[in-house]
Every structure is written in C-alpha cells, then in structure tokens.
Amino acid sequence: MNFTRRLKLPLLLLALLSGFGGFRLALQSLKPENVTNKDFLQEYLLARAVLEGVNPYQPLPDLNKHFQTGDKQWRPHASPHTPALAIFSLPLAFFSYAHAAGIWLLVEILCLFAAAFLMLRGFNASANPLLALLATWAALGWGHVWEDLIWGQINPVLLLLIVGAWLNLRGGREWPGGALLGAAISFKLIFWPIALFLVLRRRWSSAIMALAVFAGANLIAAVAIGWRIVANYYTEAGPSAAALHQAQAQNLSLWSVGWRVFSRTGSPALAGVTAPPVFFSLRLAVITSLLLTCAALILGLVAAIKADSYGKAGETMNFDLAYGMMICVCLLVSPLTWPHYLILLALPLAVTARRLRDLRFPRRQTLLYAIAVLILLIPAFSLEDFIFSFSTAPNIFPDESGAQPKVSVSSTVGLLHLLPTLSALVILWLMRQLSIMSVDKRSLAL
C-alpha cells in the first residue's frame, strides 16, 4: 500500500496508541505474581517432562508437583497439547520457567510480525518491514491478541504457519505449502479440514506433504517419549480434556451449542459462567452438536470448492477466499475453540476486506463485515463481565488468588458467549457471497 505523506503520521499515532495497552498487559503477565497463571506453563511442563524422561501426559497437578513451578491454576487433567508441540517446546526446558516465559513472549511477537509481513507481501502491498512492524504493533491492541500473549498460547506461531502455507499454496508451491500446513496440524489438530480441502481439490502433492510432516512429527515424538504415550494422547488425554470443556462458556465451537442448549453451560474443570439447559436431553445434545459441526464442515467445504473452481474474483483471489473459508470452518468445527483462537481469523478478515475493496465496498456486505469485525474486537473478558452483570449472585468478582467464581445466568444470556461464533459464520458467508459477485454487478448491491 502506498500511503500519502499526510496519512502516515495519523496512522502511525493510531497504531502506537492501539498497541501500547496490549503490549503493556503482555509485559505485566511476566511479573512474578502473574507468570505462573499462564497457559504457557503447560508447554513448559511438557518440555521438562520430555527432557527428564517423565511421562508428559500425567495430570498437570502431578507434573507440577514433580517440577515445583509454583503453578496457581487447578487443572485436573493432562495437557491437551500435542506431542509435536512438546518436542517443539523442548529448548525452553533448559531455562527457568520465568526466563522461558519471557523468551516465549518474544517468539510470539516475532511470529506476529512475520505473519503480518507475509500477508502484506501476499496482497501485493509494499513488503516493507517498517509497515509490517506498524501492523504488528497495532494488532497488539486487539483484545484476542493480547489475551493470547498474556496466556502464552501458541496461536501466533499457528498464524505464521497457516499464512506461510497460504502464500505458498496460492503460488503453486505445493511441497512447502503442504509442509507448513502439516506443521500447523501437528501443533494443533484443528487445521485438518484444510488438508481435506486440498484432497478434494486433488492437490495431491501438498496433501501428501502435510500428511508426511504430521506423521514425521509424531514419529519424532514417539522416539522421544514412547509410542504408547503418543497413542495415549490421541485416544485418551486429548479427548478427555476436550470432553471436560465441551460446554464451557467460552468454548466458541459449534460442537458446544448442543451441550449448552440440552445439557448445561459450564465445565467441571474451569469456573466462570454457568447456565441451565433450555431442555435437558443428553441425546439431543449429542445429535445437535453433531448435526451443526457436520453441516458446517460439509457446507464450508462445498462453498470453498465452488469458490476455488468457479468464483468470479480471479484465480488468485478465488483461492484466497476458499482458503479463508476453510480457516473459519476449522474454528467452527473444532471440539474446543477458545477466544484467543480468533486471531487466526486475521487472514480471512484481510481477504474479505481486500475483496470488498475490489468490489468498491457494496453496502450490505460492507455493513455485515463491519458488524462482524466490531464483535470480534470485543475482548473476551469484557463480554464475560457483561454477561456477569445479568447474574443475581452476591459475588461475581475473582477472589484474592485470582480465581473466578462460578456465576449462574439464564440459558438465553449464557448463549451471548457465542457472538464471536456468529461473527465467524458471517465472515464465512460473506466470503462465499463475495466469490460469486463480479465487479460489474456491484451496483446491484443494496
């Protein structure tokens, strides 16, 4: 993008103001009183366990007792993070926990910068590192980004991998694109629908490479920790953790909808908002969740294939829209989708904005996009506090240890947590609509 000299200063000031607050919060998470509240502790415990030959998929309290990290969180289950991620985190085990947390924060910010740089390059913008740095700093002001940095999650790394895969796949570089996608799947299984899309589009080289990288990463993990432990992760540790949180209030997956409506909202492993079911029926909970996730997967795949094959946006943009749709599908059908996962929508949002600009911002589609973006800009804790305000509980504030009490609200109010899910569905639908619109028909938009 070529900005005039007049626009550069206001944009620079806006980015500085936007990012400062998020960066400050991220740094505060490294303070001694806060650092052991990070989810990053799971990666660190996994790495320490692998390094010392201990089973990394013991319940987290048992691992914490063994390594004495001072963990302040109570998690009654094994880590849900993959064996490949445990191997990836291994170098951090050579540092103290506090130093490792600081290094990991730096890695996350560097990955955000690299992802921003690659997106600018992919959209034929000026691949200027300074502009990418400005975009990264501005992104630190997005609630889901600084929440991710505070928790010490892996989503910036995943964003870099899926952006790198997108850039290579759209350029016809099948092997590196598939390898990056395979690495993303190895770290977080939620990206398997993109591999399925590549298979259905008969992009065999990239699909085979993704499978090979996934298999290779797990083979390395099996050598390091034992194949029985790796198999146990996929058959027991991972699924059991997902089952504990399937109806948790902040789980944004479509899989959670049936459990919320026909079982209850809440998790036995995490405090926060709880809500009764509209009507109790475990059978209906399972059937509804299955129908919603299967429908999102099938309809999303069909829409992405049609956009890639018959879209009117041009060959490159057709693929961009299809790939963006599949990222939305990944988040919608995953058994667990936490609010900080939403930073992975950065690429679909950028693709949609680019297509709207090409169509000269049709009114209805642009309005829907703006509404979806505004909802996604709401920090998770702000939405949680708003929902708390509907409770009649005498105390809705965290205690001295920082633990959040269980707060009961009505079933209808509890569903407000799914507003970001609705936004992801809107973005998915918009990309489908924009793929069949041609420039000469923009004037027909309402």
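The values are calculated or read from the model by the stated rules, or taken from the named source; none is laboratory data. The model shown is predicted, which means the values in this text are computed figures rather than measured ones. Backbone-built Cβ (ideal geometry, glycine too); neighbour counts: all protein chains shown. Quick note on the areas: whole protein, heavy atoms, side chains included, nothing else; ligands and nucleic acids left out. Shrake-Rupley method; radii C 1.70, N 1.55, O 1.52, S 1.80 Å.
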Please give, to one decimal in nm, the separation of the simple spin-label points placed at residue 20 and residue 385, each 7 Å out from Cα toward the Cβ.
2.0 nm
Looking at the calculated P(r) for region 248-386, what percent of the C-alpha pair distances fall above 24 Å?
41 percent
Ordering 204, 166, 151 from largest to smallest accessible area (1.4 angstrom probe), what's the sequence?
204, 151, 166
Of the chain, which part is the longest with no GluC sites (Glu not before Pro) in a loop (DSSP not H, G, I, E, B) and with at most 11 other C-beta atoms within 10 angstrom?
53-399
At a probe radius of 1.4 Å, what is the per-residue accessible area of residue 120, in Å² to the nearest 10?
30 Å²
For region 30-177, with equal point scatterers placed on the C-alpha atoms only and solvent neglected, what are the log10 I(q)/I(0) values from the Debye formula at q = 0.18, 0.20 1/Å, to two decimals?
-1.03, -1.16
How many Å³ per residue does the convex hull of the Cα positions in region 309-393 occupy?
119 Å³
Cα-based count: Lys pairs in the chain below 24 Å, eight or more positions apart or different chains?
9
For 366, 136, give me the order by solvent-accessible area with a 1.4 Å probe, most accessible first, ignoring ligands, DNA and RNA.
366, 136
Efficiency of FRET between residue 406 and residue 281 - r from beta-carbon atoms, R0 35 angstrom, step 0.05:
0.90
Find the centroid of the Cα atoms in region 295-339 and in region 224-252, then give the distance between the two in whole Å.
26 Å
Counting only protein chains, not ligands or nucleic acids, how are 429, 146 ordered by accessible area (probe 1.4 Å), most first?
429, 146
Compute the FRET efficiency between residue 377 and residue 127 as 1/(1 + (r/R0)^6), taking r as their Cβ-Cβ distance and R0 = 22 Å, and round to the nearest 0.05.
0.25
Residue 228 versus residue 204: modelled label distance in nm, points set 7 Å from Cα along the beta carbon direction
3.9 nm
Length gained when the stretch residue 68-residue 98 is fully extended (0.36 nm per residue, less Cα-Cα span):
9.5 nm
Normalised alpha carbon radius of gyration of the chain [divisor 2.2 N^0.38 Å]
0.97
Once ligands and nucleic acids are excluded and a 1.4 Å probe is used, how much of residue 234 is accessible, expressed in Å² to the nearest 10?
70 Å²
To the nearest 10 degrees, how steep is helix 204-225 against the longest Cα principal axis of the chain, on a 0 to 90 scale?
10 degrees
Taking only DSSP H segments of four or more residues, each worth -39500 (n - 2.57), what value at 222 nm results for the chain once the sum is divided by all its residues, to the nearest 500 deg cm²/dmol?
-20500 deg cm²/dmol
Calculate, for region 201-310, the solvent-accessible area per residue in square angstrom, rolling a 1.4 angstrom probe over the heavy atoms of the protein chains.
49 Å²
Taking Cα atoms, the helix 282-310 axis meets the longest principal axis of the chain at an angle in degrees (rounded to 10) of 30 degrees
The Cα radius of gyration of region 110-259, divided by 2.2 N^0.38 Å with N its residue count, comes to 1.18
If I ignore ligands, DNA and RNA and count only protein heavy atoms, how much of residue 223 is accessible to a 1.4 Å probe, in Å² to the nearest 10?
120 Å²
Residue 427: net charge of surrounding residues, Cβ under 14 Å, Lys/Arg +1, Asp/Glu -1, itself excluded?
+2
